[in-house]
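Participant: This structure is in structure tokens; I'll ask about it shortly.
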Amino acid sequence: MDLRAELLKSIWYAFTALDVEKSGKVSKSQLKVLSHNLYTVLCIPHDPVALEEHFRDDDDGPVSSQGYMPYLNKYILDKVEEGAFVKENFDELCWTLTAKKNYKPDRNGNSVVSHQDAFKLWCLFNFLSEDKYPLVMVPDEVEYLLKKICSAMNVELNCCELDDYLAQEPQGQGGLTVWQFLDMVNSGRFLRGIEQEAISMAVEEVYQEVIEDGYLWKKGQLRRNWSERWFMLKPSVLSYYMSEERKEKKGSITLDKNCCVEVLPDRDGKRCMFCVKTLSRTYEMSASDTRQRQEWTLAIQTAIRLQAEGKKSLHKDLKQKRREQREQREQRKAAKEEETQRLKQLQEEKERKLQELELLKEAQRQAEILLQEEEQRRRQQHEEMQRTLEIQLREAEQARASMQAEMVLKEAEAERQRKRILELEDMQERLQEALQQEVKARQDEEAVRYAQARLLAEEEEKLKQLMKLKEEQEEYIIKTQREKQVLKQEMENKNKCLEEAQKQLEEVRVNRQRVDQDVMAAQRKLRQASTNVKHWNVQMNRLMHPIGPGDKRTNVSGGVFAGYQPLLSRRDSSLK
């Protein structure tokens, strides 16, 4: 769909809006005003002479759409240049004219979409509608647009409910008009429970996706600073403006097969960056998020591909493919209906021939019946004679067969009995072997249990002896500590005595003799204690060896005080 066809769709709505009486004609004064406004929004130089000449007052009366088309093509559409005007302003002009007459939102303010969203839906409807007047959108395109809007809100469209609605709604020319479509959206039947703000954002997202424009951050070539620009993508050029009003164009990027798009890492405080490389320059840009960057890169790559293939727009290409698919389905449906009709004719011809065949078969059947009756009379005599002989022969054969069957049954029964006996004998032998193995296993288990119980008893007895020796060792340690305290007290007394001995020599001698005797007694006790400690060390060393099953019991009374011998040795040396 080229630019002229797009403009004609919007102008058609404006023309029909001016047709108040619905006669297909509009007064010349209204067409004069409409043409003047079209000159303005399409940025075409005004031609007041042609305008006055074409729409001068005369007796011809109102002008039909066919009468207005020559002037529209010659003085307006032929002079339109793509990119020289803002199409959104043109669409708003036509929407304003037609919405005043035809768009009827809820007066209580309960409409699902706002007036601005209704305008964007009207633009999307014009883009997806068929190129036939009056403009309608086929059910497949209605479902496609609603799915796009629901997908932008992460909501799944109820296709069954949509099919029911389309089946109930009267459709002219095989589709819905834009006013039926807007009434369907405003009814809230398919967007139930969703806030108006979310719907507005979804409509805006789909609108920008189809129109292919939006804000991006662009890095300058000379100053190398970042500026926010409004970008608009076409298959051959990517233009950027100061704002979304597109009044001040800042530049454009020509797209051809030599261009490419690359994703860049985040830097300079910017994220979600990508670049468009041409033969002469690299343009760096930054999107608001990863999803927007992916959409822009994919859209630019698609535009480059479409430019190389000589196509105009991705969505127009997809629309054309969907239209071709619908045409193919209709062709297949028509071919299927034709094939069904042909098969029906063949079936009727086949039924007619079958009826004729049945009549022939019935005549043949009557003739065969007569021949069978004649043949039956001739055979009855032979059958009577043969019947008697067959009865006798049958009785003899039955007797012989019964005897043979009885012999076979008896032989089979005898053979089964022999096999059964052999199986029972084999089973008895296996049972005896299993019983012997079980008895042996139980005996082995009892022996093992007895040995295990005996080992556990021995281990418990040795553990008791070890605990007893440990208690004796602790008592001896306590006793030794007490003796050490006594000896220490005696040493202190001796020191006092020595001090007194300096004053009284005689008392010192007497005390010295007594002290020597006490020291000798203490040495004898220490030697006895050392002997006892060595004896217990030997016993403890013997006890520390691991006890294995079947080892003889050993005396565990020694070795308990091995760890205390160094302490006693140190005390003995100190006493010396």
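The values are calculated or read from the model by the stated rules, or taken from the named source; none is laboratory data. Predicted, not measured: the structure shown is a model, and the values here were computed from it. All Cβ positions, even for glycine, are placed from backbone atoms using ideal geometry, and neighbour counts span all protein chains on display. For the accessible areas, the whole protein counts, side chains as well, though only heavy atoms, and no ligand, DNA or RNA atoms are used. Shrake-Rupley method; radii C 1.70, N 1.55, O 1.52, S 1.80 Å.
Participant: Sequence-distant or interchain residues sharing an amide H contact under 5 Å with Val136, placed H: which?
Facilitator: Distant-sequence amide H within range of Val136: Glu130.
Participant: Still on this structure: Cβ neighbours within 10 Å, averaged per peptide: list 449-462, 526-539 in order, most packed at the top. Each step should come with its number before you reach the end.
Facilitator: Numbers: 449-462: 11.6, 526-539: 15.5.
In decreasing order of mean packing, 449-462, 526-539 become 526-539, 449-462.
Participant: Here's something else I'd like to know. Give me the percent of the accessible area of the range 415-500 that comes from carbon and sulfur atoms, probe 1.4 Å, all protein chains in place. All intermediate terms of the calculation are to be shown ahead of the outcome.
Facilitator: Numbers: 4200 of 7900 Å².
Looking at the range 415-500 in its full context, I get 53 percent from C and S.
Participant: Turning to a different aspect of this structure: Taking θ as phi - 60°, what are the ³J(HN,Hα) couplings along the range 513-527 by the Karplus curve (6.51, -1.76, 1.60), each to the nearest whole Hz, with x for Gly and Pro?
Facilitator: Taking θ as phi minus 60°, the curve returns 4, 5, 5, 4, 5, 5, 5, 5, 5, 5, 5, 4, 5, 5, 5 Hz for the range 513-527.
Participant: Please name which of Leu31, Met69, Tyr13 has its Cα lying farthest along the dipole of the range 1-102 towards the positive end, using unit charges on Cβ (Lys, Arg +1; Asp, Glu -1) and the Cα centre as origin.
Facilitator: The residue sitting farthest along the positive end of the dipole is Tyr13.
Participant: To the nearest 20 debye, what is the magnitude of the charge dipole of the range 1-102 about its Cα centre, counting +1 on the Cβ of each Lys and Arg and -1 on the Cβ of each Asp and Glu? Please list the in-between numbers first.
Facilitator: Values: 12 positive and 17 negative charges, 60 e Å.
That gives the range 1-102 a dipole magnitude of about 280 debye.
Participant: Which value, in Å², gives the accessible area per residue of the range 1-102 when a 1.4 Å probe is used on the protein heavy atoms? Intermediate results must be reported in sequence, preceding the final value.
Facilitator: Details: 5380 Å² over 102 residues.
That works out to 53 Å² for each residue.
Participant: In addition: Where in the range 357-398 does the label zone of Ala405 land, with the point 7 angstrom along Cα→C-beta and an amide N cut-off under 19 Å?
Facilitator: 391-398
Participant: Ranked from the most accessible area to the least, with a 1.4 Å probe and all protein chains present, what is the order of Thr40, Thr98?
Facilitator: Working: Thr40 75, Thr98 0 Å².
Sorted descending by solvent-accessible area, the residues read Thr40, Thr98.
Participant: Dipole of the range 405-447, Cα-centred, from +1 at each Lys and Arg C-beta and -1 at each Asp and Glu C-beta, to the nearest 20 debye? Numbers along the way, then the final one.
Facilitator: Working: 8 positive and 13 negative charges, 39 e Å.
For the range 405-447, the charge dipole is close to 180 debye.
Participant: While we're looking at this one, here's another question. Sticking with the crude label model, points 7 Å out along Cα→Cβ, report the distance from Ser29 to Glu438 in nm, one decimal please.
Facilitator: Each label point is offset 7 Å from its Cα along the Cβ direction, giving 12.1 nm.
Participant: Report the label-to-label distance for Leu360 and Asp47 in nanometres (one decimal), using points 7 Å from each Cα along the Cα→Cβ vector.
Facilitator: It is 8.0 nm.
Participant: Now for a different question. Please give the FRET efficiency for Gln208 paired with Thr340, using the beta carbon to beta carbon distance and R0 = 41 Å, rounded to the nearest 0.05. Before the final figure, lay out the partial values.
Facilitator: On the way: r = 46 Å, r/R0 = 1.13.
Once rounded, the FRET efficiency stands at 0.30.
Participant: Using a 1.4 angstrom probe on the protein heavy atoms only, could you order Glu53, Glu88 from most to least accessible area? Mind dumping the intermediate values first?
Facilitator: Values: Glu53 110, Glu88 45 Å².
The most accessible residue leads, giving Glu53, Glu88.
Participant: Along the positive direction of the dipole of the range 434-507 (beta-carbon charges: Lys, Arg +1; Asp, Glu -1; about the Cα centre), which of Val486, Val439, Ala457 reaches farthest?
Facilitator: In the range 434-507, that residue is Val439.
Participant: While we're here: Using 0.36 nm per residue of separation minus the Cα-Cα distance, give me the extension gain between Gln398 and Ala412 in nm, one decimal.
Facilitator: 3.0 nm
Participant: Distance check, please: which entries in Lys104/Lys132; Lys74/Lys249; Lys32/Lys132; Lys464/Lys484; Lys479/Lys503; Lys234/Lys336 exceed 32 angstrom between their Cα atoms?
Facilitator: Working: Lys104/Lys132 24 Å; Lys74/Lys249 28 Å; Lys32/Lys132 26 Å; Lys464/Lys484 30 Å; Lys479/Lys503 37 Å; Lys234/Lys336 41 Å.
Long pairs (Cα-Cα over 32 Å): Lys479/Lys503; Lys234/Lys336.
Participant: Let me ask something else about it. About its Cα centre, what dipole magnitude does the range 363-407 give when the only charges are +1 on Lys and Arg Cβ and -1 on Asp and Glu Cβ, stated in debye to the nearest 20? Don't skip to the answer; put the middle values down first.
Facilitator: Working: 7 positive and 10 negative charges, 11 e Å.
The dipole magnitude comes to about 60 debye.
Participant: Ignoring ligands, DNA and RNA, what percent of the accessible area of the range 1-102 is carbon or sulfur (1.4 Å)?
Facilitator: Numbers: 2780 of 5380 Å².
Whole-percent figure for carbon plus sulfur exposure: 52.
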